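The values are calculated or read from the model by the stated rules, or taken from the named source; none is laboratory data. Keep in mind it's a predicted model, so treat the numbers as computed, not measured. We place every Cβ from the backbone using ideal geometry, glycine too, and count neighbours over all the protein chains shown.
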Amino acid sequence: MVVIYIRLRSLHLLILIVWLSLNNPFAIAQNPLRENAFQGQAVPREVREIYERGLQWLENNQDSSGRWKGGESGPGVTGLATMAFLAYGEDPNYGMHSEIIKKGIRAIIEDQNASTGYLGSSMYHHGFAMLALAEAYGAVDERKLWEGVSRKEGKHRSIGEALELAVRTAITSQNKNSLGAWRYSPDATDADTSVSGSVMVGLLAARNAGIEVPDKAIDRAIDYFITMTSPSGQVAYAGGLGGFDSSPARVSIATLVYSIAGRKDLKEFKATSSYLKSLDSNETSDHYGEYTAYYRAQALFQSDIAAWEKWNKNLIRELKEKQRGDGHFEGNYGAPVATSMSLLALALNFRFLPIYER
């Protein structure tokens with residue numbers, strides 16, 4: 001036990017506090033500048049520099065309502081950008097970006113339909129926004145979320161309430177779908193693996209956060225991905241069985257879904273993860289760019305750490321080359337999406353988001 005005498009001079013007290021901080025495993029528990037949360041290793045300087053410049057651009061371009069505009073916009077985009085800040089590992093309630101995070105979460109909740117729970121204009125937005133709510137749930141202090149904000153009728157929900165509503169919407173949509181998955185509209189009767197991936201990851205994150213998600217819903221979605229996976233590991237896009245081609249994005253989505261659903265025992269997981277690892281590690285993106293990188297980083301990390309480490313080195317090099325002078329990235333869906341997804345692909349180096357746990 002360390003005894004601190006009342007007459008201890010201020011300098012000695014300061015030294016003691018610093019010593020305790022450095023030797024207390026709970027002190028500065030989420031400081032990405034110090035070490036990698038998974039291996040206790042220092043995060044590469046290049047990663048920190050790319051990430052910090054990207055966050056600075058996102059901070060400068062969040063509007064007063066908490067949203068980001070420029071290209072695609074909506075609660076899904078707000079969710080991705082907000083997660084980029086959460087993934088940095090700072091205290092979301094008192095850290096330097098806490099206000100940005102709270103504004104983003106409030107904007108997502110304000111954009112939710114209070115009656116249906118639907119988030120945005122497509123199930124893409126719904127999935128990414130639901131994921132952001134799940135990652136914020138339990139981390140952001142609900143008592144401070146709406147502090148000092150004018151009450152808006154039907155918009156003043158807690159994160160937990162908004163997340164439960166979002167989960168209900170996803171389940172209701174799935175129940176209407178004969179394929180047991182999702183497409184752009186919550187009332188769609190067909191499905192595709194891209195939209196289904198965004199919703200499925202959001203549901204799995206919500207379940208991990210403690211929200212009730214029926215096992216039946218997860219099993220039906222997994223069955224859909226199984227039907228869309230070929231023996232070679234290729235993953236089809238839409239409809240039923242067939243139409244397989246080489247899409248790193250879809251193969252990554254399926255691999256990630258199988259992984260975080262705890263279905264690594266499936267032969268389909270073994271097929272997609274093997275196919276993904278067989279791809280050239282120097283090819284970090286295809287014509288979908290940041291979208292592929294976002295999913296491929298997570299899929300490789302969840303399926304094979306050694307493969308992820310090799311690919312991650314090339315990702316860092318590519319992002320360093322692509323990042324613009326003010327910190328943003330260009331992409332098919334606008335700078336907010338490209339910047340957020342690029343940073344989140346890089347955030348596996350920090351591993352602070354619950355969804356990034358192995």
Only listed residue being over 30 Å from Arg53 (Cβ atoms) and small (Gly, Ala, Ser), chosen from Ala134, Ala205, Ala162, Ala129:
Ala162
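Would you confirm, using the coordinates I've provided, whether Leu204 is in contact with a strand residue (DSSP E or B) (Cβ under 7 Å, 6 or more places away or on another chain), surrounded by fewer than 24 Cβ atoms within 10 Å (Cβ to Cβ), under 22 Å from Pro354 (Cβ atoms) and not acidic (Asp, Glu)? Write out each step before concluding.
Working: in contact with a strand residue (DSSP E or B) (Cβ under 7 Å, 6 or more places away or on another chain): no; surrounded by fewer than 24 Cβ atoms within 10 Å (Cβ to Cβ): yes; under 22 Å from Pro354 (Cβ atoms): yes; not acidic (Asp, Glu): yes.
Taking the combined requirement at face value, the residue does not satisfy it.
Return the total of residues in segment 236-277 being closer than 23 Å to Lys310 by Cα and in contact (Cβ under 8 Å) with a residue 40 or more places away in the chain.
As a first pass, look at segment 236-277 and keep what is closer than 23 Å to Lys310 by Cα: 246-260, 264, 269-277.
Applying the additional criterion that residues be in contact (Cβ under 8 Å) with a residue 40 or more places away in the chain yields 248-257, 259-260, 271-276.
Qualifying residue count for the region: 18.
Give the residues of segment 139-176 that are among the polar types (S, T, N, Q) and in contact with a Phe, Trp or Tyr (Cβ under 9 Å, 6 or more places away or on another chain), sorted by residue number.
Of all residues in segment 139-176, those among the polar types (S, T, N, Q) come to 150, 158, 169, 172-175.
Matches in segment 139-176: Ser158, Thr169, Ser173, Gln174.
Conditions (1) within 25 Å of Ser194 (Cβ to Cβ); (2) among the aliphatic types (A, V, I, L, M), marked per residue:
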| residue | (1), (2) |
| --- | --- |
| Met83 | yes, yes |
| Ala107 | yes, yes |
| Ala114 | no, yes |
| Gly120 | yes, no |
| Lys144 | no, no |
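Looking only at residues in segment 227-269 that are of a type in the set (Lys, Arg) and in a helix (DSSP H, G or I), which one is farthest from Val195 (Cα to Cα)?
Taking segment 227-269 and keeping what is of a type in the set (Lys, Arg), we get 250, 263-264, 267.
Imposing the further condition that a residue be in a helix (DSSP H, G or I) reduces the set to 250, 267.
Values: Arg250: 10, Lys267: 23 Å.
It comes out as Lys267.
Looking for whichever is buried (at least 17 other Cβ atoms within 10 Å of the Cβ), touching a Gly at 6+ places or on another chain (Cβ under 6 Å) and of a type in the set (A, V, I, L, M) here; the options are Leu353, Leu343, Leu319. Which one fits?
Numbers: Leu353 fails: touching a Gly at 6+ places or on another chain (Cβ under 6 Å); Leu319 fails: touching a Gly at 6+ places or on another chain (Cβ under 6 Å).
The conditions single out Leu343.
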Test each condition in (1) surrounded by 22 or more Cβ atoms within 10 Å (Cβ to Cβ); (2) modelled with pLDDT of 95 or more for Asp326 and report the one that comes out false.
(1)
What tally of residues in segment 104-147 results from selecting those that are touching an Asp or Glu at 6+ places or on another chain (Cβ under 8 Å) and without any contact (Cβ under 8 Å) to a residue 12 or more places away in the chain?
0
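Against the definition (in contact with a Leu (Cβ under 7 Å, 6 or more places away or on another chain) and not β-branched (Val, Ile, Thr)), how does Lys102 come out, yes or no? Spell out the reasoning first.
Numbers: in contact with a Leu (Cβ under 7 Å, 6 or more places away or on another chain): yes; not β-branched (Val, Ile, Thr): yes.
Against the criterion (in contact with a Leu (Cβ under 7 Å, 6 or more places away or on another chain) and not β-branched (Val, Ile, Thr)), Lys102 qualifies.
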Helices (runs of 4 or more DSSP H) enclosed by segment 132-225 - at least 3 residues per element that are of a type outside the set (A, V, I, L, M, F, W, C) and farther than 25 Å from Ser121 by Cβ
142-145
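So how many residues does segment 99-131 have that are closer than 19 Å to Ser150 by Cα and part of a helix (DSSP H, G or I)?
Applying the first criterion (closer than 19 Å to Ser150 by Cα) to segment 99-131 yields 99-114.
This time we only want the ones that are part of a helix (DSSP H, G or I), so: 99-110.
Residues meeting the conditions: 12.
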